[in-house]
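Read the structure below first, then the notes.
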Amino acid sequence: MPVNVTGVQATLKAMRKFDPDLAKQMNMQIKGAMMPIRDKAQAYAPANSQMLSGWAGSSASEATATYRAFPKYDQAEVTAGIIYRQGANNSGQVAGAKFRRRFQVTHYIANTSASGAIYETSGRLAASRKASRSLNPNARAQFLEPLGPLYGTRGTSDPRFGNTDQRGRLIYRAWDEDNGRAAQAVNLALNSAVERFNANSAMGKYGSVA
């Protein structure tokens with residue numbers, strides 16, 4: 001999940017330059033709020049044996065787990081691929097969601113493994129003939145059944161998301177179950193740091209920050 005700080009980027013940049021201790025304190029507070037989301041999402045990655053036989057299974061090897069025609073599921077890979085990052089990101093994939101337009105976020109949790117992204121979001125789109133090339137008409141249902149339900153909200157009003165369905169099984173589940181507490185803590189840390197920096201700047205503590 002991204003934390004978007006559009007509108008205060010210049011202030012944060014100046015903060016890092018003129019008051020790095022304040023920026024460090026803010027980043028520690030944000031990390032403290034977001035790491036439990038990452039840890040909870042990692043804990044939701046199911047064992048290989050819980051997946052449909054043939055996607056992974058307990059006998060999945062390193063070679064099959066990294067086969068990219070259709071990435072094989074591997075619990076260890078998925079768990080390791082759920083990461084928290086601090087720093088500007090324009091990559092287009094945050095928490096498994098691809099952005100239609102590029103924009104910058106500074107703190108985010110992302111599902112970076114291919115099989116993790118598949119497990120995270122499979123089932124969002126309605127079934128269609130184009131969605132599956134399998135000769136088995138029940139293939140989609142059989143694949144989705146072991147994955148379990150999707151958590152979160154079906155849509156968003158933010159036009160920057162290419163896929164407005166904000167539901168998933170790992171990061172989205174952890175974020176949804178948090179009921180906004182992490183987001184509130186992050187916003188508080190950001191706002192408090194920005195207000196403190198602006199107040200110090202107005203008192204001339206940093207000299208000219210222009």
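The values are calculated or read from the model by the stated rules, or taken from the named source; none is laboratory data. Here the structure is a predicted model, which is why all the values come from computation and not from measurement. Methodologically, a virtual Cβ is constructed for each residue, glycine included, from the backbone with ideal geometry; neighbour enumeration extends over all protein chains shown.
Quick notes on this structure:
- Output for the range 13-39, where each listed residue is more than 23 Å from G180 (Cα to Cα) and surrounded by fewer than 17 Cβ atoms within 10 Å (Cβ to Cβ): K13, R16, K17, P20, D21, K24
- Close contacts from the range 110-130, counting a first residue that is of a type outside the set (V, I, T) and surrounded by fewer than 13 Cβ atoms within 10 Å (Cβ to Cβ) and a second that is modelled with pLDDT under 90 and assigned to a loop (DSSP other than H, G, I, E, B), with Cβ to Cβ under 8 Å and a gap of 6+ residues or different chains, come to L125/A131; L125/D165.
- Residue list for the range 172-210, filter: in a loop (DSSP other than H, G, I, E, B), within 24 Å of the chain's Cα centre (by Cα) and buried (at least 16 other Cβ atoms within 10 Å of the Cβ): D178
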